[in-house]
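Right, one structure below, let's go through it.
The values are calculated or read from the model by the stated rules, or taken from the named source; none is laboratory data. Every value quoted in this text rests on a predicted model; they were computed, and no experiment measured them. Neighbour counts run over all protein chains shown; Cβ positions are idealised from the backbone, glycine included. Each accessible area value is taken on the protein alone, full model and side chains, heavy atoms only, with ligands, DNA and RNA left out. Shrake-Rupley method; radii C 1.70, N 1.55, O 1.52, S 1.80 Å.
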Amino acid sequence: MPEGLRVGYFPGCTLKTDARDFESSALAVARVLGIEVAELSRWNCCGTVYSLDAVNLMPRLASVHNLIRAEEEGFSEIMTLCSMCYNTLKQTNNLFTSKNNGRAAINDFLCLKPGYSGRVKIYHFLEFLREKIRPEQVKSLVVSPLAGVAVAPYYGCLLLRPKEIAIDDPEKPEILTPILSALGAKVIDFPFNNECCGAYQTAVHQEAVARRAYRIISSAQSEGADMIAVSCPLCHYNLSALQGLVRSTHPGLKAMPIVYFTELMARAMGLDYRTEIGVIPQDVAAAEARLRPSPNDPGREALK
Amino acid sequence: MTRLGVFICHCGKNIARTVNIEALREKAATLPHVVLAKDYLYLCSKPGQTMIADDIREHRLDKVLIAACSPRLHGKTFAQTAQRAGLNPYLLDMANIREHCSWVHIDGAEGTEKAFSIIKGGLGRLLYAEPLEPFQSPVTKRVLVIGGGVAGIQATLDIANSGYEVYLVEKSPSLGGHMAQLGETFPTLDCSSCILTPKMVEVSQNEHVHLLSYSEVTRIEGNIGQFQVTVRLRPRYVDETLCTGCGDCVPTCPVVVSNEFDQGLGARKAVYLPFPQAVPAVYTIDWDACLNTDKLIICENCYKDCEAKAINFLMEPQEKMVEVGAVVLATGYELMPVARIGEYGGDEYEDVIDGLQFERMLSASGPTGGVVRRPSDGRIPQNVVFVQCAGSRDPEHGIPYCSKVCCMYTAKHALLYKHAVPDGQVYVFYIDIRAAGKGHEEFVQKVMSEERILYLRGKVSKIFKSGAKLVVWGADTLSGRQVEIEADLVVLAMAVIPSSGSQKLARTLHIASDLSGFFSEAHPKLRPLESNTDGIFLAGAAQFAKDITDTVSQATGAAGKALSLLANDFIKLEPTISEVEEGICRGCGLCVSICPFGAVKMLPSTRTGAMVAGINPILCKGCGLCTAGCLSGAVTLKGSSFKQIFAQLEEMV
Amino acid sequence: MKIILGNSHPQSLFAQRIEALSRQKLFACYQCGKCSSGCPMAESMDLLPNRVIREAQLNNGPVIMSCRAVWFCSSCFACAVRCPKGIDIARIMEAVRTLQMLDGKPITEQPFCEDTGTLPQIALISHFRKFNM
């Protein structure tokens, strides 16, 4: 086990509420992998979506505050679990590291001297695992392999786009493949793995988002996936909670469990992470059914 | 005392707009040694030149400064004027007060002041100029043609038919290039190989042509009129002189690999003839695929089956030295790999192919015998989507330019597919139709209307597989709608890029290429057939994407250029080259390593016998690198001596 | 609707404001339509993304200020990563949203979905932030 692997941790709002199992499973996994995850002692909302307005810098300040705190607390690297937090913090941080940016304006506005440096490196947990942990380390910790379980990793947008913050090839992402393979799962590549789920439009245009969910889920299903692994609470919500709405137009859609990739890791490693605050009980139940294959029957039919 | 003359050009309003010519002339007239200062509307005009020549004689001018445009433009014009007036042309210099001054200034006072400073500097430099004489070098009356596609073939035939020897070097085992792979050509639907193979045979039968196939140019030295070329002949492991082309070696060869001539759609053996009409009609063993290695002979099947005893596993690479007076570069193009466009599936989907692969399918001698079939399952596709501008006009994928031929060949593909599968559906995604050749627009229009092809104006965003079908996401910007097509086959008109290895060749030949890797012409408008190295000419798609018609025209033009060079027994070389002062040279050899042209060598001094730098005047291009690099200041660039440069600087600052 | 250009055409106000807000070169767009081809929300849009850019190039204020398409954009950047000219179309969509909001236009006719209570914070807050409510 590697010594002294320590990283700052920015949780973000949803990880403390609706996505608690994401956090608890990730922390459990990190612990056994020897990663010391140190939550920032103070943090606020990341700002959620990154503002694209080139003139108005105000919407970036929420992120900047977090970055300043990370630097003050002595972290050179901080990690997020939520894809959106990653995207927003990373894009904001890029304001400070690239030319022609609002760095001076923001530092002046906040009366900061010498100002935030831009030196904190922002990781998504997946990126952190790729850089610091070998798949064999993951494999060595697996106690109940996900044999016979076909998992389709779904990346969505926020880890891949825009290009400057991409943790993987935006058109052919596969950063989850070695991890899921190490867990013993069958990894399903599907063409919608980098397609947008509709994101925040879920608040007003749910039908439009449900159409997205249908295409994504049915694409994964037709490639033979038993479940979809995600790393974003918003994707999780849109793909799981909207399945009912999807069924109003596509009654034939079979239930598709949506799980956080860390839950699969924790499961396979035999770690207890459940917080009993799962948001979508029917999906968790379905996922669990998939995760308990009998040795003879991979359980492929259980859901069908 | 030196008598200097200054002539200032208005260049219409080009200079006069921001430079006060009259004030400039008056100030210039007061400068030391200046006995005459004049201005004129266009010095480059006939009357302007006559005036200069007359004034040189009348005022007995020793040296003349022309304050006008860049010497790159009219340096030669005025040098000839000086010569006509009996003045050594190297005693006439130009001060560029247009590109370097009037064009970049808005304010008249600033412009005039700068122009004066440039003239002062020019005069300072001119004061130390010395008369120089060009020298002659003999012309070797042979030509090297690199590349055996239609461009190289055409250039070779034009030169050889004029009675000069040609060395034609082709990298692959056969002549033909991409044209040999094509089915039918636009807009006339001529059978490509039917019109090409007679020319290939003609090359092989012409007594003036030395065909070096399966070979590469590895080194080239010398300059215009005298190039020494090293060609590496790769071993074919089949003796060219013995092979009868019978093909008996093929059936028992146990190794099957993908056939590059069929763009990977078909297969061939390790011992192969690329295609039936190959020239030379000699088999080649693909040593990378063959079971045998340099150390170990595992399989002797072909050896045993060859009655002519032409197989030789011990063959080794050979080097051949040839001397030529001119070079024609015709190294052609290739298509950007599909793998570079991730959103189109990279190279993951078998049924997403490029234009050349589709050509092979359409070719009667191709892997499918001329029947259009899906590579994945061999079925005849009913819905075919063509995607134009796949990589082209796409700076984000590194290709800013239009590949020029895709609009035409896509229309041709659509037509030929419809002829082959009349009940099939064709969809063509395009951004603009560029059909600017003779009969081209008519061809596209005819295909659209008579074959009822639906052209959709939009660029495809994503292609992915869904079951046995391919889903294409496009748009029709004319109707303002997204378009989704379930296709059986997708043909990408991938961007035309310079052939791989052309960059290496550019370095070997010391010639320039543009940002996209195509060889640069000496002047985009006026010298499109010449590289920036004298004596090296350009033909075909190596210079830029072009169709067969344009390629053949350019090849014939390049051959003409080479022939006009060969018509001379001697070539005049510029005397503005480097010279070593032996007494100052300390023999460190730094200049030898600096010289990019291999023109400097260490030689024993004629006086002392010590090793000193010596410059080969034929190889020296007068770039001045050795002059600037010499730690002792022993090297002088004639026409730009230190004295001249320092005098120029002193006057200017 | 005929577009009148020439002397009666006002300075390209909208085009310039969009360029200023987005820092993107509107006139680098050659209207290939690739942004529209791959847009996940295009089905719901009244104008395809390439058309939004076209109307901006035409400085067609009324159309830009009333177009609903920008409110369906989910800022997924699929257009931006695939644009052959490197134009960040998502930023142009944001600029049009900003202009409409500055103009006091109602942001969306649609009410919030019924089960707002079950929405995770990430959905609610990102929506608030995006639409500056």
### Percent accessible area from carbon and sulfur atoms, segment A:5-126, protein chains only, probe 1.4 Å
52 percent
#### Entry: Mean Cα-pair separation over length for segment B:396-461, i.e. relative contact order, pairs under 8 Å, 6 or more apart, %
38 percent
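Over the whole of A:156-164, what's the average partner chain Cβ count within 10 Å per residue? Rounded to a whole number, please. Numbers along the way, then the final one.
On the way: counts 1, 8, 3, 0, 4, 9, 7, 6, 0.
Partner-chain Cβ atoms within 10 Å, mean over residues of A:156-164: 4.
How do the peptides B:239-251, B:282-294, B:173-185 rank, highest first, by the average count of neighbouring beta carbon atoms within 10 Å per residue? Write out the running numbers ahead of the final one.
Values: B:239-251: 15.3, B:282-294: 17.7, B:173-185: 23.7.
Going by the mean number of other Cβ atoms within 10 Å, highest first, we get B:173-185, B:282-294, B:239-251.
Return the average number of partner chain Cβ atoms within 10 angstrom of each residue Cβ along peptide A:81-92. Show your work: numbers first, answer last.
Values: counts 0, 1, 1, 4, 1, 0, 2, 2, 0, 0, 0, 0.
Average neighbour count from other chains, rounded to a whole number: 1.
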#### Entry: Virtual spin-label span in nm between B:ILE584 and B:LEU314, 7 Å along Cα→Cβ
5.9 nm
### Query
Given labels modelled 7 Å from the Cα in the Cβ direction, how far is it in nm from B:SER516 to C:GLN57?
2.0 nm
### Query
Over the Cα atoms of segment B:334-497, how large are the radius of gyration and the largest Cα-Cα distance (Dmax), in Å?
14.6, 43
### Query
Once you charge only the Cβ atoms, +1 for Lys and Arg and -1 for Asp and Glu, what is the size of the charge dipole of segment B:144-271 about its Cα centre, to the nearest 20 debye?
380 debye
#### Entry: Positive dipole terminus of the protein assembly as shown, leading residue within A:HIS236, B:VAL580, A:LEU15 (C-beta point charges)
B:VAL580
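Calculated FRET efficiency, B:THR244 and B:GLU574, Cβ-Cβ r, R0 56 Å, to nearest 0.05?
Values: r = 52 Å, r/R0 = 0.94.
Result of the calculation: an efficiency of 0.60.
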### Query
In degrees from 0 to 90, rounded to the nearest 10, what is the angle of the helix B:406-420 Cα long axis to the longest principal axis of chain B?
20 degrees
### Summary
Note: probe point = Cα of A:ASP169 + 7 Å toward Cβ; backbone nitrogen < 15 Å; residues of segment B:342-366 passing the test are B:342-350
### Message
At 1.4 Å probe radius, can you tell me the per residue accessible area of segment B:443-521 in Å²?
### Response
41 Å²
### 0 to 90° range, to nearest 10: angle between helix A:83-97 axis and chain A longest Cα axis
30 degrees
#### Entry: Computed log₁₀ I(q)/I(0) - Debye formula, equal Cα scatterers, no solvent, chain B, q 0.05, 0.11 Å⁻¹
-0.33, -1.13
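Classify segment B:577-637 from the C-alpha gyration tensor, please: rounded if a/c falls under 1.5, else prolate or oblate depending on whether a/b exceeds b/c.
Numbers: a/c = 1.70, a/b = 1.42, b/c = 1.20.
Prolate is the answer for segment B:577-637, as a/c is 1.5 or above and a/b outweighs b/c.
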### Query
Where does helix A:281-291 land angle-wise versus the long Cα axis of chain A, in degrees 0 to 90, nearest 10?
70 degrees
### Accessible area buried between chains B and C, both sides summed, probe 1.4 Å, in Å² to nearest 100
1500 Å²
### Message
Report the gain in length on full extension from B:ASP377 to B:GLU300: 0.36 nm times residue separation, minus Cα-Cα distance, nm rounded to one decimal.
### Response
24.2 nm
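Once a ≥ b ≥ c are taken as the square roots of the eigenvalues of the Cα gyration tensor of segment A:1-137, is the result rounded (a/c under 1.5), prolate (a/b larger than b/c) or oblate (a/b not larger than b/c)?
Details: a/c = 2.13, a/b = 1.74, b/c = 1.22.
Taking the square roots of the gyration eigenvalues as a ≥ b ≥ c, segment A:1-137 is prolate.
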## Note on the structure
Ranking B:VAL143, B:LEU123, B:ILE106 by how far each Cα lies towards the positive end of the charge dipole of segment B:99-154 (+1 on Lys and Arg Cβ, -1 on Asp and Glu Cβ), the top one is B:VAL143
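For segment B:235-315, which whole percent of the accessible surface, found with a 1.4 angstrom probe, sits on carbon and sulfur atoms? Write out the running numbers ahead of the final one.
Details: 2270 of 4160 Å².
About 55 percent, which is the carbon plus sulfur part of the accessible surface.
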### Summary
Sorted on mean Cβ neighbours within 10 Å (highest first), peptides A:102-112, C:62-72, C:89-99 come out as C:89-99, C:62-72, A:102-112
### Globularity index of segment A:135-291, i.e. its alpha-carbon radius of gyration over 2.2 N^0.38 Å
1.00
### Query
At each listed q (0.10, 0.11, 0.16 Å⁻¹), what is the log10 of I(q)/I(0) that the Debye formula gives for chain A modelled as equal alpha-carbon point scatterers?
-0.55, -0.66, -1.32
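How many partner chain Cβ atoms sit within 10 Å of a residue's Cβ in peptide A:215-226, on average, as a whole number?
Counting other chains' Cβ atoms within 10 Å and averaging over A:215-226 gives 1.
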### Query
Put a dot 7 Å past each Cα toward the Cβ at B:LYS469 and B:VAL256; how far apart are the dots in nm?
3.2 nm
### Summary
With the dipole of chain B defined by +1 on each Lys or Arg Cβ and -1 on each Asp or Glu Cβ, the option from B:LEU196, B:PRO395, B:CYS623 whose Cα lies farthest towards the positive pole is B:CYS623
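Compute the FRET efficiency between C:PHE27 and B:LEU41 as 1/(1 + (r/R0)^6), taking r as their Cβ-Cβ distance and R0 = 41 Å, and round to the nearest 0.05.
On the way: r = 39 Å, r/R0 = 0.95.
Given R0 = 41 Å and the Cβ-Cβ separation, E is 0.60.
Express as a percent, rounded to the nearest 5, the fraction of DSSP beta bridges in the protein assembly as shown (both residues included) that run antiparallel. Present the calculation step by step, with values, prior to reporting the outcome.
Numbers: 54 of 123 bridges.
Percentage antiparallel, nearest 5: 45.
If you take the alpha carbon radius of gyration of segment B:31-90 and divide it by 2.2 N^0.38 Å, what ratio comes out, to two decimals?
Numbers: Rg = 10.8 Å, N = 60, 2.2 N^0.38 = 10.4 Å.
Rg over 2.2 N^0.38 Å, computed on Cα atoms: 1.04.
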### Query
What base-10 log of the normalised intensity I(q)/I(0) is obtained for segment B:225-306 from the Debye formula, alpha carbons as equal point scatterers, at q = 0.12, 0.13 Å⁻¹?
-0.39, -0.45
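Per residue, how big is the convex hull around the C-alpha atoms of segment B:46-178? Give it to me in cubic angstrom, could you?
Details: hull volume 28.5 nm³, N = 133.
Looking at segment B:46-178, the number lands at 214 Å³ per residue.
May I ask you to order B:531-539, B:509-517, B:156-164 by the average number of other C-beta atoms within 10 Å around their residues, highest value first? Each step should come with its number before you reach the end.
Values: B:531-539: 24.2, B:509-517: 15.8, B:156-164: 20.7.
So the peptides B:531-539, B:509-517, B:156-164, ranked by packing, come out B:531-539, B:156-164, B:509-517.
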#### Entry: ³J(HN,Hα) computed for each position of segment B:32-38 - Karplus, 6.51 cos²θ - 1.76 cosθ + 1.60, integer Hz, glycine/proline x
x, 6, 6, 9, 8, 10, 9
### Query
Along the principal axes of its C-alpha atoms, what lengths does the protein assembly as shown span, in descending order and rounded to whole Å?
104, 85, 68
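Taking only the Cα atoms of chain C, how large is their convex hull per residue, in Å³?
Values: hull volume 16.4 nm³, N = 133.
Once divided by residue count, the hull of chain C is 123 Å³.
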#### Entry: Label point at B:GLU442 placed 7 Å out along Cα→Cβ; residues across segment B:174-212 whose backbone nitrogen lies under 15 Å
B:186-190
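Rounded to the nearest 0.05, what FRET efficiency is calculated for B:HIS33 and B:ASN532 with R0 set to 51 Å and r the Cβ-Cβ distance?
Working: r = 36 Å, r/R0 = 0.72.
Computed FRET efficiency for B:HIS33 and B:ASN532: 0.90.
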